[in-house]
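A.B. asks: Just dropping this structure here.
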Amino acid sequence: MFHRPATLDDALGIKARLGAEVTPLAGGTDLIVGLNRGQACPEEVLDLSGVADYDRIDEDNGYLLLSAGTTFARLARCDIACLAQAALSVGGPQIRNRGTIAGNLVTASPAGDGSVALLALDADVELAHAVRGRRWIKLTDFFLSYRQTALAGDELISRVRIPAPGSLAATAWYKIGKRGAVNISLVCCAVARFADGRVTVAFGSVAPVPMRAPRTELLIKDQELADEIIERAAVQAMDEVQPIDDWRSSASYRRAMCGVLTRRLLRQVRHRDGRDS
Ligand SMILES: Cc1cc2nc3c(=O)[nH]c(=O)nc-3n(C[C@H](O)[C@H](O)[C@H](O)COP(=O)(O)OP(=O)(O)OC[C@H]3O[C@@H](n4cnc5c(N)ncnc54)[C@H](O)[C@@H]3O)c2cc1C
């Protein structure tokens, strides 16, 4: 059966009633690709594309609240450099017009570009249930293992919360791939320097899940981003990631590029000040 609710409450009601039996469909840019590749067709589909206000960004009390259906096309126009650049790097225009941030998180690909930028931004994810209500969890706690997340079978992602641009001093993003567009990353990296001095470092395609690099972050905590500390951070990052060999790249290349990107992006955020746009 095909369900197409007009409100998030109705969508949550259907999800709570049918649980894992019903498969949410947002932009379909992962789900439909899977079906075309022979994945079993779900008996029950919950089409979220008709949900009111599903693709919007609100500012509230120092945070940006992204509705689950915020598309990459919209994120590409936001004032946060690492998120806008990550969004612009996703697929081509058609994919960016359809693909949503919640779909990127739930797919939980190690290469998920939106996931990596949001990790650097220290995002929280709102998981919603019609009866139990809504709960915020840290995005760092959302990715459990390869393609496994903390989302329960009867919940939907409803929103994602990130700091508003005023809370960020500078952010940076880079994706290494085999070509300039429609490009799955061999390695991607996002770095954020917050107005309170914190610096975060996140990577994609170098572990079973999109990851933060806590030991690298600890090394630069409360430090001036001088060349020497950046060099040590680059070495630490190479040690911290867990890349694999596959048909797109060797593990050793990926590891080396984590050092290169850590160095490059930390230098970028060191030199930018003020509003991150
Ligand atoms: C040609 C092409 C190029 C691509 N390039 C990139 C790229 O460069 N970088 C990148 O990161 N990705 C890329 N992708 C993957 C894809 O576009 C993203 O992962 C996208 O964000 C998925 O969002 P969606 O709305 O299309 O999700 P869907 O395909 O609709 O759903 C994906 C998963 O999320 C679940 N889901 C969706 N919304 C919710 C919700 N609110 N609550 C709970 N579960 C939910 C679905 O049930 C499904 O399991 C590409 C895809 C294609 C086809």
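A.B. asks: How many residues are among the aliphatic types (A, V, I, L, M) and either touching a Cys at 6+ places or on another chain (Cβ under 8 Å) or under 21 Å from Leu127 (Cα atoms) (or both) if we restrict to segment 84-103?
C.D. replies: Here the count works out to 5.
A.B. asks: Condition (residue is at pLDDT below 95 and among the aliphatic types (A, V, I, L, M)) applied to segment 231-246: is it met by at least one residue?
C.D. replies: yes
A.B. asks: Checking the conditions here, which among Gly153, Gly204 is in contact (Cβ under 8 Å) with a residue 60 or more places away in the chain, of a type outside the set (Phe, Trp, Tyr), within 12 Å of the ligand (Cβ to nearest atom) and touching a Cys at 6+ places or on another chain (Cβ under 6 Å)?
C.D. replies: Details: Gly153 fails: touching a Cys at 6+ places or on another chain (Cβ under 6 Å).
Matching residue, one of Gly153, Gly204: Gly204.
A.B. asks: With the condition being of a type outside the set (Val, Ile, Thr), I'd like the strands (runs of 3 or more DSSP E) fully within segment 4-64 carrying at least 3 qualifying residues. So that I can check it myself, show each step before the final result.
C.D. replies: On the way: elements: 22-25, 44-47, 57-60.
Correct list: 44-47, 57-60.
A.B. asks: Output the residues belonging to segment 22-46 that are within 22 Å of Ser109 (Cα to Cα), of a type outside the set (A, V, I, L, M, F, W, C) and either surrounded by fewer than 13 Cβ atoms within 10 Å (Cβ to Cβ) or more than 9 Å from the ligand (Cβ to nearest atom) (or both).
C.D. replies: Asn36, Arg37, Gly38, Gln39
A.B. asks: Next up: Residues in segment 105-122 that are part of a helix (DSSP H, G or I) and among the hydroxyl-bearing types (Ser, Thr, Tyr): how many? Break it down stepwise before answering.
C.D. replies: Narrowing segment 105-122 to residues part of a helix (DSSP H, G or I): 105-107, 113-120.
Pick out the ones that are also among the hydroxyl-bearing types (Ser, Thr, Tyr) and you get 107, 115.
Residues flagged as part of a helix (DSSP H, G or I) and among the hydroxyl-bearing types (Ser, Thr, Tyr) within segment 105-122 amount to 2.
A.B. asks: In segment 156-172, what residues are within 12 Å of the ligand (Cβ to nearest atom) and either of a type in the set (A, V, I, L, M, F, W, C) or more than 21 Å from Thr71 (Cα to Cα) (or both)?
C.D. replies: Leu156, Ile157, Val160
A.B. asks: Considering only segment 60-67, I want to know if a residue exists there that is surrounded by fewer than 15 Cβ atoms within 10 Å (Cβ to Cβ) and either over 30 Å from Ser167 (Cα atoms) or in contact with a helix residue (DSSP H, G or I) (Cβ under 8 Å, 6 or more places away or on another chain) (or both).
C.D. replies: Looking through segment 60-67, at least one residue is surrounded by fewer than 15 Cβ atoms within 10 Å (Cβ to Cβ) and either over 30 Å from Ser167 (Cα atoms) or in contact with a helix residue (DSSP H, G or I) (Cβ under 8 Å, 6 or more places away or on another chain) (or both).
A.B. asks: Any residue at all in segment 244-254 that's closer than 20 Å to Ile176 by Cα, in a loop (DSSP other than H, G, I, E, B) and under 22 Å from the mean Cα position of the chain (by Cα)?
C.D. replies: Checked against the condition, which is being closer than 20 Å to Ile176 by Cα, in a loop (DSSP other than H, G, I, E, B) and under 22 Å from the mean Cα position of the chain (by Cα), segment 244-254 yields at least one hit.
A.B. asks: Follow-up question, since we're still on this one. So how many residues does segment 88-107 have that are near the ligand (Cβ under 9 Å from one of its atoms) and either within 19 Å of Ile162 (Cα to Cα) or touching a helix residue (DSSP H, G or I) at 6+ places or on another chain (Cβ under 8 Å) (or both)?
C.D. replies: 13
Matching residues to (1) of a type in the set (Ser, Thr, Tyr); (2) touching a strand residue (DSSP E or B) at 6+ places or on another chain (Cβ under 9 Å); (3) under 30 Å from Glu21 (Cα atoms):
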| residue | (1), (2), (3) |
| --- | --- |
| Ala86 | no, yes, no |
| Asp113 | no, yes, yes |
| Ala117 | no, yes, no |
| Asp122 | no, yes, no |
| Arg134 | no, yes, yes |
| Leu156 | no, yes, yes |
| Ser167 | yes, yes, no |
| Ile176 | no, yes, no |
| Val182 | no, no, no |
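A.B. asks: Just need a number here: residues in segment 67-105 that are within 26 Å of Ala11 (Cβ to Cβ), hydroxyl-bearing (Ser, Thr, Tyr) and over 11 Å from the mean Cα position of the chain (by Cα).
C.D. replies: Total satisfying the criteria: 3.
A.B. asks: Say we look at segment 173-186 and pick out the residues that are of a type outside the set (Ser, Thr, Tyr), more than 11 Å from the ligand (Cβ to nearest atom) and within 20 Å of Val209 (Cα to Cα); which of these is surrounded by the fewest Cβ atoms within 10 Å (Cβ to Cβ)?
C.D. replies: My answer is Ile176.
A.B. asks: Given the options Pro208, Pro243, Pro163, name the one that is surrounded by 15 or more Cβ atoms within 10 Å (Cβ to Cβ), out of contact with any helix residue (DSSP H, G or I) (no Cβ under 7 Å at 6 or more places or on another chain) and farther than 24 Å from Ala84 by Cβ.
C.D. replies: Selected residue: Pro208, the only one of Pro208, Pro243, Pro163 that is surrounded by 15 or more Cβ atoms within 10 Å (Cβ to Cβ), out of contact with any helix residue (DSSP H, G or I) (no Cβ under 7 Å at 6 or more places or on another chain) and farther than 24 Å from Ala84 by Cβ.
A.B. asks: Do we find that Thr71 is surrounded by fewer than 20 Cβ atoms within 10 Å (Cβ to Cβ), within 9 Å of the ligand (Cβ to nearest atom) and of a type in the set (Ser, Thr, Tyr) in this structure?
C.D. replies: no
The values are calculated or read from the model by the stated rules, or taken from the named source; none is laboratory data. None of these values were measured; they are calculated from a predicted model. Heads up, the Cβs are rebuilt from the backbone with ideal geometry, glycines too, and the neighbour counts pull from every protein chain shown.
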